[in-house]
Structure formats: structure tokens, C-alpha cells
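We did not get these values from a lab; they are worked out from the coordinates using the rules stated. What you see is a predicted model; the values in this text were computed from it and never measured. Every residue, glycine as well, gets a Cβ built from its backbone with ideal geometry; the counts of neighbours run over all protein chains shown.
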Amino acid sequence: MPLHFIDRDISSEVSELSSVLIVPCNMCPAVTVAVREKKPFIQFFKHFLKSAPFEDYIRSLQSQLRDFGLVADVFRSSLYHQWFMCMWTARKRKKLGETAKRYDAVLVLGCESAIESVRDAVKSSKCKVIEGMEPTGIMNAQLSFQLPGDISFKNCKIVSTSKRSKDNTEIK
């Protein structure tokens, strides 16, 4: 199942910057946002291979960053096999590295593996890497399909990844 995330307050990290490139992983963060918003993750006949709740979240994040006076663009990965940032091809990572050179920082929406992928991709630039979300555990959920083509996650619980903590939190 996908990782579950909470948003981080990044205001202090972006306060001295003038531009940010948002680099989203399209799987786990997108599932988190869809579950949090209680909306379908994918609606094939309305948005095909895009998660509408996640797209709204990214637009809102861009707006917040622009309110700070920053240029805020998004590095897109529209092909379904590039949804998992941690498994991007060398070519996709190279493209990110080249694009990131035009920005002061990259804001990663993903797990530690995604952050590592971005760090590797942008190491030749002077870009600051900012973690936009923090993982809290793994989502345990039931996949739900509704006509005409909506995919949702139901009965979600957050399972701790810590061996010491066995408390599971239900998402309401």
C-alpha cells in the first residue's frame, strides 16, 4: 500500500528564495491527498491518468508559494510508468537536473527515496532540496472501483512503520 504523508510547514525554508520547482511523486502523495479529501484517486473518464485532488493540491501549493513572492513551477511526469519518482529513468532524472538549474530550490512531494532521487538528479546544480511532506506510516486500505471509472481507497488506516509502535490510526 502507499505511504501516508502529512504536510510540512516550509515557510521558513522558502523565505529567502525567489524560485521553487515543485517535484511531485504521483503515487503515494496523490493517494494521501485523495484520501484526506475523501475524493476518488483517479477518475478515468474525467481526468484519465491524473489525480484531480492532487492536481488541486499542487495548484494550491503553487498559489501559496506565489503569495510568498516566489516563482513556483511544477516538474511533470505524465506517463504512468513515471508515477513513482523513486523509479524514474536516468533520462527523466537528467531532465530534472537540467530544469532545476533555473531555480533556487526544488520542493519534493514524496518519500525519502524520492528525495534521494531528486538530490542525485540536482547535485550538479546549486539547488536547495526541500521536503514538502513527511511520511507518517503506510496506508492499509481497500481499493474501491465505481462506475464509470473511479478508483478510490476506503477504510484507510495508517500503519506505523516503527517496530516499537503498534498503534494504527484510522483516517476519518
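Brief remarks on what is shown
- Gyration tensor verdict on the range 23-107 (Cα atoms; rounded if a/c is under 1.5, prolate if a/b is larger than b/c, oblate otherwise): oblate
- Residue pairs, from the table K95/K128; K39/K128; K46/K157; K39/K157; K46/K128; K95/K126, whose Cα atoms sit over 25 Å apart: K39/K128; K46/K157; K46/K128
- Value at 222 nm in deg cm²/dmol, rounded to 500, when DSSP H runs of n ≥ 4 in the chain each add -39,500 (n - 2.57): -9500 deg cm²/dmol
- The antiparallel fraction among DSSP beta bridges confined to the chain stands at about 60%.
- Highest mean packing comes first when the peptides 109-116, 138-145 are listed by Cβ atoms within 10 Å, giving 109-116, 138-145.
- D_trans [Stokes-Einstein, Kirkwood Rh over alpha-carbon pairs] for the range 3-170, 25 °C, 0.890 mPa s, µm² s⁻¹: 147 µm²/s
- Amide H contacts under 5 Å for R8: M133, E134, restricted to partners 5 or more places along the chain or on a different chain, H placed in the peptide plane at 1.01 Å from N.
- Partner aspartates and glutamates for K92 [C-alpha distance under 16 Å; skip if fewer than 8 residues away on the same chain]: E116, D120
- Contact order normalised by residue count of the chain, Cα under 8 Å, 6+ apart, percent: 30 percent
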